[in-house]
Amino acid sequence: MSFTSDRLLLFGATGDLAQRMLLPSLCALNVEELLPPNLQILGTARAPMSDGEFRNFARSAIEKYLPAHRRGQMADFLNRLSYQPIDATTIEGYDKLAEQIGERESLSIFLSTGPSLFPPTIKGLQSAGLTDGDVRIGLEKPLGVDLESSREINDAVGAAFPEERIYRIDHYLGKETVQNLLALRFANILFEPIWNARYIEHIQITVAETVGVDERMDFYDQTGALRDMVQNHMLQLLSLVAMEPPTSFDAGAVHDEKVKVLRALRPIGRGESATGQYGAGTVAGDPVSGFLKELDKDSDTETFVALKAHVDNWRWAGVPFYLRTGKRLPERVTEIVVQFRCIPHSIFTGANTVPNRLVIGIQPEENITLSLMAKVPGLDRDGISLRRVPLEIAIPDPFTGQVQRIAYERLLLDLIEGNRTLFVRRDEVEAQWEWIDAIRASWQQAGQAPEPYDAGTWGPEGAARLVARDGVSWND
Ligand code: BG6
């Protein structure tokens with residue numbers, strides 16, 4: 001299984017993801033000579049286009065989305081590209097695709113289309129023998145809209161590809177600091193002994209976005225923040241924070257530990273969630289419209305969600321995991337906050353000790369900050385004075401010269417090279433959906449509608465109340 005692909009077949013090659021992420025990532029990898037020298041990339045989508053037109057299309061996308069200093073000699077990359085239109089819903093056309101691919105011993109396929117196209121595409125690929133041998137398949141999210149539909153997709157893909165040849169993408173796993181979280185936990189002796197309920201009071205995971213829903217109105221209105229962000233990215237972050245040490249950085253070992261966490265998630269109870277929907281407001285100084293105005297109809301879709309989750313196992317008993325994500329918030333920030341407990345006894349009478357806090361910044365800044373108590377310099381004639389000081393590692397500093405990569409660079413390379421560690425296994429996706437479906441059912445049962453919040457604020461009042469009840473505040 002450890003072959004390197006020299007054919008990549010890209011479905012959805014003219015789509016938004018291909019333009020913004022996939023083509024720029026492949027070009028950047030090419031410039032750094034990380035792509036296999038013989039790799040040919042065949043793009044396919046419904047639109048009729050010649051090879052030349054597709055290369056022009058790719059050039060414009062790369063010029064738009066890849067910084068100039070990473071583009072290199074684009075001609076060299078563009079020469080790897082060819083194009084074949086296809087209507088993925090009908091069987092016709094796949095033979096032609098197979099013919100154009102020719103050599104298929106080392107083929108990787110990437111489906112970056114809507115999930116409703118996955119089953120007919122798999123059938124088409126199967127009919128043309130493009131699922132045989134060691135062919136790998138990468139699947140872009142969303143993998144369904146609930147457990148049932150995700151099972152249908154997984155069954156359809158699983159009928160043609162064994163699990164070890166299926167690469168389910170969660171692009172958060174391609175982010176450098178997300179992987180660094182594993183290094184922080186498992187390449188240091190410091191944290192692991194105190195990474196548990198005895199020393200940790202609570203954990204917060206925030207994925208805040210300033211963007212609204214933009215052109216994806218219909219998709220988003222059917223989806224909402226819970227399914228768009230929590231089901232996948234946030235639960236992946238949670239499982240990496242909470243999992244037991246895997247025995248190695250091997251795909252199976254990591255997936256086994258993550259899935260145990262996902263299965264240990266307690267169903268969200270009454271009063272343990274808050275939802276919101278943005279109204280008009282101001283973000284970064286610009287006035288923006290509310291969600292309903294953009295949608296131009298009434299809707300109960302949440303654009304913000306906050307949850308108080310529990311991982312019911314020995315390590316995390318009684319430790320809340322507060323999760324929140326939303327659109328049109330005041331800042332774009334993804335971070336994990338580990339709040340440690342108070343010291344058991346203070347010897348410094350009269351001095352305030354603030355419990356330690358570890359903040360892992362994922363984006364836009366990649367940094368790790370540990371707040372510690374230190375003595376304020378002085379003679380202390382009225383007793384010692386303490387102050388909270390940060391111990392900070394800004395990731396780009398010690399690694400100057402390292403480029404900031406698009407998450408898809410890592411994931412595409414891993415697909416091409418056959419490394420599944422940073423992909424999501426079927427049982428993980430299904431455990432994620434099971435937990436999410438129960439939350440949606442409970443909202444429906446309680447008739448919970450999203451609370452309005454102004455664009456440019458940190459979400460609805462309910463989110464602040466959710467944590468305030470426990471004497472906690474969000475790390476704004
Ligand atoms: C996608 C969601 O999966 O992740 C989008 O569908 C969201 O709604 C995006 O904006 C956020 O990704 P990133 O990498 O910008 O944090």
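The values are calculated or read from the model by the stated rules, or taken from the named source; none is laboratory data. As the structure is a prediction and not an experimental result, all values here were calculated from the model. Methodologically, a virtual Cβ is constructed for each residue, glycine included, from the backbone with ideal geometry; neighbour enumeration extends over all protein chains shown. Only protein heavy atoms, including side chains, enter the accessible area calculation; ligands, DNA and RNA are left aside. Shrake-Rupley method; radii C 1.70, N 1.55, O 1.52, S 1.80 Å.
Taking Ser371 as the residue in question, decide whether it is of a type in the set (S, T, N, Q) and open to solvent by less than 30 Å² (accessible area, probe 1.4 Å).
Details: of a type in the set (S, T, N, Q): yes; open to solvent by less than 30 Å² (accessible area, probe 1.4 Å): yes.
Yes; evaluated as a whole, the condition is true for this residue.
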Subject >> region 114-144, residues that are under 21 Å from Asp218 (Cα atoms), within 16 Å of the ligand (Cβ to nearest atom), crowded, with 16+ Cβ neighbours inside 10 Å and not charged (D, E, K, R) >> reply: Pro115, Pro142, Leu143, Gly144
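Looking only at region 168-201, filter to residues that are acidic (Asp, Glu) and within 16 Å of the ligand (Cβ to nearest atom); which one of those is modelled with the lowest pLDDT?
Glu176
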Original post:
Within region 157-167, is there a residue that is within 16 Å of the ligand (Cβ to nearest atom), in contact with a strand residue (DSSP E or B) (Cβ under 8 Å, 6 or more places away or on another chain) and closer than 18 Å to Arg425 by Cα?
Top reply: no
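Of all residues in region 181-194, which are part of a helix (DSSP H, G or I) and of a type in the set (Phe, Trp, Tyr)?
Here is the first cut: in region 181-194, the residues part of a helix (DSSP H, G or I) are 181-186, 192-194.
Correct list: Phe186 only.
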**OP:** Among the candidates Val178, Val207, single out the residue that is in a helix (DSSP H, G or I) and open to solvent by less than 50 Å² (accessible area, probe 1.4 Å).
**Re:** Val178
Subject >> Among the residues listed as Thr325, Thr303, Thr353, Thr334, the single one being open to solvent by 20 Å² or more (accessible area, probe 1.4 Å) and touching a residue at least 24 places away in the same chain (Cβ under 8 Å) >> reply: Thr353
Original post:
Only one of (1) of a type outside the set (Val, Ile, Thr); (2) under 30 Å from Gly174 (Cβ atoms); (3) free of Cβ contacts under 8 Å to residues at least 40 places away in the same chain fails for Trp433. Which number is that?
Top reply: (3)
Subject >> Glu53, sole failed condition from (1) among the charged types (D, E, K, R); (2) modelled with pLDDT of 95 or more; (3) within 26 Å of the chain's Cα centre (by Cα) >> reply: (3)
Original post:
Out of region 122-152, which residues are farther than 17 Å from Asp170 by Cβ and assigned to a loop (DSSP other than H, G, I, E, B)?
Top reply: Ala128, Gly129, Leu130, Thr131, Asp132, Gly133, Asp134, Val135, Asp146
**OP:** Mind listing whichever residues of region 266-284 are in a strand (DSSP E or B) and surrounded by fewer than 23 Cβ atoms within 10 Å (Cβ to Cβ)?
**Re:** Gly279, Gly281, Thr282, Val283
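I'd like the full set of residues that are over 12 Å from Ile436 (Cβ atoms) and among the acidic types (Asp, Glu), limited to region 198-252.
Of everything in region 198-252, those that are over 12 Å from Ile436 (Cβ atoms) and among the acidic types (Asp, Glu) turn out to be Glu201, Glu209, Asp214, Glu215, Asp218, Asp221, Glu244, Asp250.
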Original post:
For Pro119, are the conditions met, namely being closer than 30 Å to Trp435 by Cβ, within 28 Å of the chain's Cα centre (by Cα) and assigned to a helix (DSSP H, G or I)?
Top reply: yes
Original post:
Can you name every residue in region 34-52 that is closer than 17 Å to Glu92 by Cα and open to solvent by 60 Å² or more (accessible area, probe 1.4 Å)?
Top reply: Arg46, Pro48
**OP:** Can you confirm whether region 16-28 contains a residue that is farther than 26 Å from Asp132 by Cα, open to solvent by 40 Å² or more (accessible area, probe 1.4 Å) and more than 26 Å from the chain's Cα centre (by Cα)?
**Re:** no
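Only one residue in Ala160, Ala197 is crowded, with 17+ Cβ neighbours inside 10 Å, among the small types (Gly, Ala, Ser) and not in a helix (DSSP H, G or I). Which one? Spell out the reasoning first.
Numbers: Ala197 fails: crowded, with 17+ Cβ neighbours inside 10 Å.
Checking each option against the conditions leaves just Ala160.
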Original post:
Has region 255-271 got any residue that is touching a strand residue (DSSP E or B) at 6+ places or on another chain (Cβ under 6 Å), away from the ligand (no atom under 16 Å from the Cβ), closer than 18 Å to Glu451 by Cα and modelled with pLDDT of 95 or more?
Top reply: no
Original post:
Taking the condition modelled with pLDDT under 95, in contact with an Asp or Glu (Cβ under 8 Å, 6 or more places away or on another chain) and open to solvent by 60 Å² or more (accessible area, probe 1.4 Å), does Glu103 pass?
Top reply: yes
Original post:
What are the residues in region 203-242 that are over 20 Å from Ser289 (Cβ atoms) and near the ligand (Cβ under 9 Å from one of its atoms), if any?
Top reply: Val207, Met229, Asn232, His233
Subject >> The lone exception for Val376 - which of (1) open to solvent by 50 Å² or more (accessible area, probe 1.4 Å); (2) at pLDDT below 95 it fails >> reply: (1)
